[in-house]
Each structure stands twice: as structure tokens, then as C-alpha cells.
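The values are calculated or read from the model by the stated rules, or taken from the named source; none is laboratory data. Treat the numbers as computed from the prediction; the structure is a model and nothing was measured. Positions of Cβ are generated from backbone atoms using ideal geometry, with glycine treated the same way; all protein chains shown enter the neighbour counts.
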Amino acid sequence: MTTEPIVRARLLLVEDEDAIAVPLVEGLEREGFDVTSVRTGGAALQAAEHADLVLLDLGLPDVDGSDVCRTLRRSSDTPIIVLTARGDELDRVLLLELGADDYVVKPFGFRELVARIRAVRRRTGRPDATESERQGVQQVGALRIDRRARRVVIDENEIALTPKEFDLLARLADDLGTVVRRDQLIEEVWDEHWWGPTKTLDVHIASLRKKLGNPTWITTVRSVGYRLDVAR
């Protein structure tokens with residue numbers, strides 16, 4: 001049996017502060033990304049053509065990060081996530097108008113950044129996956145998730161899921177073995193502006209567990225979120 005190679009997404013980090021860049025590069029590489037780090041906007045414009053996603057700090061020493069973002073978007077559709085200390089709504093709107101695909105406000109949590117990278121890559125059709133997963137299929141123990149056909153099979157038995165149940169299971173499978181926070185699940189599976197009761201998430205998790213036939217598929221981490229594991 002041959003093992004399919006993991007496709008390492010190439011990230012370009014544009015950050016001039018070593019105290020931020022060095023641990024970020026180390027962490028992202030542990031997550032399976034191939035990271036190139038540059039300190040200036042000029043270097044970013046030269047290196048961006050080889051990147052699958054750009055992490056762009058706005059406070060650069062040579063040129064305003066907003067100008068870098070605008071220039072990159074004019075010449076490429078490479079996804080851009082802006083790292084910014086600017087948190088007010090007007091600045092966020094301007095960033096998106098400049099062509100950024102997402103933004104993270106400093107100081108940010110590392111897991112939040114990784115989740116946003118993966119979410120942007122999913123939205124832009126650039127998932128981090130093996131060849132089978134790029135074709136939309138993921139095997140987790142006896143569980144088989146076919147994202148293109150939106151089908152779930154366990155031990156050759158197809159499981160009928162609602163659209164939201166499927167989206168929730170697929171999102172948990174994106175970070176197999178890792179806790180996904182409740183707010184992330186609500187934002188990414190429902191909507192970032194969801195104002196409904198968070199109990200909706202718990203109801204869907206309970207339904208998923210029942211349909212999967214074994215509660216150990218999905219682990220609850222109290223007050224944090226949920227994790228998909230290979231059932232025992």
C-alpha cells in the first residue's frame with residue numbers, strides 16, 4: 001500500500017519583527033506549511049508569485065502594507081490574510097476593499113490564525129490535503145467523507161446527514177484530532193454574523209453522534225469546543 005504525499009501549502013509571511021516572525025514560522029512549519037519569511041514590502045512583491053497564501057503585516061519599514069496588498073491583488077489572485085493592529089470596523093472594511101481575503105487583529109492566537117488560513121484556502125479552492133482529499137475524499141478510520149458528493153460512509157454504510165450536519169462533520173475533519181472552538185464552528189458552518197442560540201451547535205453535535213453510531217467519534221472539550229477522533 002502506497003502512502004500519498006502531503007501537499008505542503010507555501011505561505012509567504014511578511015513581518016519585520018523577529019519576535020513575531022520567528023515563532024510564527026516555527027509553528028506554521030509544525031502545522032505542515034512551507035513558510036518563506038520576508039521583512040519588507042519590496043521583498044514581498046518579489047516572492048509572492050511563488051506563494052499559495054500571503055500573511056501580510058501592515059506595519060512594514062519600507063512601504064505601507066495597504067499598498068502592498070493593493071499591488072498584489074492587481075497582479076494575482078493569491079489569497080491574502082492581513083495581520084493588523086488596527087481593530088476598528090472602518091479599517092477592516094478598507095482592508096477587504098483593498099483585496100484582502102481575511103484579517104487577524106493583533107495580538108492573535110496561533111490556533112485562530114491556522115484556522116483562518118485553512119478557512120481561506122477552503123474558500124478559494126486551495127485545501128491542504130493529500131491527492132485523495134483534493135479529489136474531495138477523506139478517510140478517517142472507518143469513516144469516509146466525500147466532500148464533492150457530500151456523502152458520508154461508515155463501514156460501507158451510507159449515513160444520511162442534513163446539510164449543516166455534513167458541513168459540521170467536514171469542518172471537524174479538516175482539523176482531525178484538534179479541538180475546534182465553538183465560536184469557530186458557528187462562524188464557519190453557520191455565519192460569522194450568526195445571532196441565533198449557540199445551543200444549535202450542541203443539537204447538531206448530538207444528532208451527528210447518534211447518526212455516526214459511536215459517541216467517541218466526537219469529543220467534547222467543555223467550554224472550549226469539539227474534536228473529531230477515530231472512534232474507539
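I'd like to check something: does the range 26-38 contain any residue that is in a strand (DSSP E or B), among the hydrophobic types (A, V, I, L, M, F, W, C) and either without any contact (Cβ under 8 Å) to a residue 60 or more places away in the chain or under 18 Å from Val105 (Cβ atoms) (or both)?
Taking every residue of the range 26-38 in turn, at least one turns out to be in a strand (DSSP E or B), among the hydrophobic types (A, V, I, L, M, F, W, C) and either without any contact (Cβ under 8 Å) to a residue 60 or more places away in the chain or under 18 Å from Val105 (Cβ atoms) (or both).
Would you mention how many residues in the range 145-165 are under 26 Å from Leu113 (Cβ atoms) and touching a strand residue (DSSP E or B) at 6+ places or on another chain (Cβ under 8 Å)?
Narrowing the range 145-165 to residues under 26 Å from Leu113 (Cβ atoms): 145, 147, 164.
Filter once more, so that each one left must be touching a strand residue (DSSP E or B) at 6+ places or on another chain (Cβ under 8 Å): 145, 147.
Residues that pass the stated criteria total 2.
Does the range 72-87 contain at least one residue that is surrounded by 14 or more Cβ atoms within 10 Å (Cβ to Cβ), assigned to a helix (DSSP H, G or I) and modelled with pLDDT of 75 or more?
Looking for residues that are surrounded by 14 or more Cβ atoms within 10 Å (Cβ to Cβ), assigned to a helix (DSSP H, G or I) and modelled with pLDDT of 75 or more, one finds at least one in the range 72-87, hence yes.
Restricting to the range 168-180, count the residues that are of a type outside the set (Gly, Ala, Ser) and either surrounded by fewer than 17 Cβ atoms within 10 Å (Cβ to Cβ) or in contact with a His (Cβ under 6 Å, 6 or more places away or on another chain) (or both).
Pass one, the range 168-180, residues of a type outside the set (Gly, Ala, Ser): 168-169, 171-172, 174-176, 178-180.
Adding the requirement that they be either surrounded by fewer than 17 Cβ atoms within 10 Å (Cβ to Cβ) or in contact with a His (Cβ under 6 Å, 6 or more places away or on another chain) (or both) leaves 168, 176, 178.
Within the range 168-180, residues that are of a type outside the set (Gly, Ala, Ser) and either surrounded by fewer than 17 Cβ atoms within 10 Å (Cβ to Cβ) or in contact with a His (Cβ under 6 Å, 6 or more places away or on another chain) (or both) number 3.
Specify the residue that is farthest from Leu60 (Cα to Cα); the eligible residues are those in the range 1-18 that are modelled with pLDDT under 90 and surrounded by fewer than 19 Cβ atoms within 10 Å (Cβ to Cβ).
Filtering the range 1-18 for residues that are modelled with pLDDT under 90 and surrounded by fewer than 19 Cβ atoms within 10 Å (Cβ to Cβ), the one farthest from Leu60 (Cα to Cα) comes out as Met1.
Condition first: in contact with a strand residue (DSSP E or B) (Cβ under 6 Å, 6 or more places away or on another chain) and farther than 15 Å from Asp16 by Cβ. Now tell me which residues in the range 33-47 satisfy that. Step through it out loud before you land on a result.
First pass over the range 33-47, keeping only residues in contact with a strand residue (DSSP E or B) (Cβ under 6 Å, 6 or more places away or on another chain): 33-38, 44, 47.
The answer is Phe33, Asp34, Val35.
Going by the conditions given, is Gly59 touching a residue at least 24 places away in the same chain (Cβ under 8 Å), more than 17 Å from Arg121 (Cβ to Cβ) and not in a helix (DSSP H, G or I)?
Here the answer is yes, as Gly59 does meet what is asked.
Is it the case that Arg134 is surrounded by 17 or more Cβ atoms within 10 Å (Cβ to Cβ) and at pLDDT below 85?
No; evaluated as a whole, the condition is false for this residue.
Between Val104, Val114, which is outside the structural domain of Leu212 (by TED's automatic domain parsing), in a helix (DSSP H, G or I) and modelled with pLDDT of 70 or more? First the steps, then the outcome.
Numbers: Val104 fails: in a helix (DSSP H, G or I).
Every option except Val114 fails the conditions.
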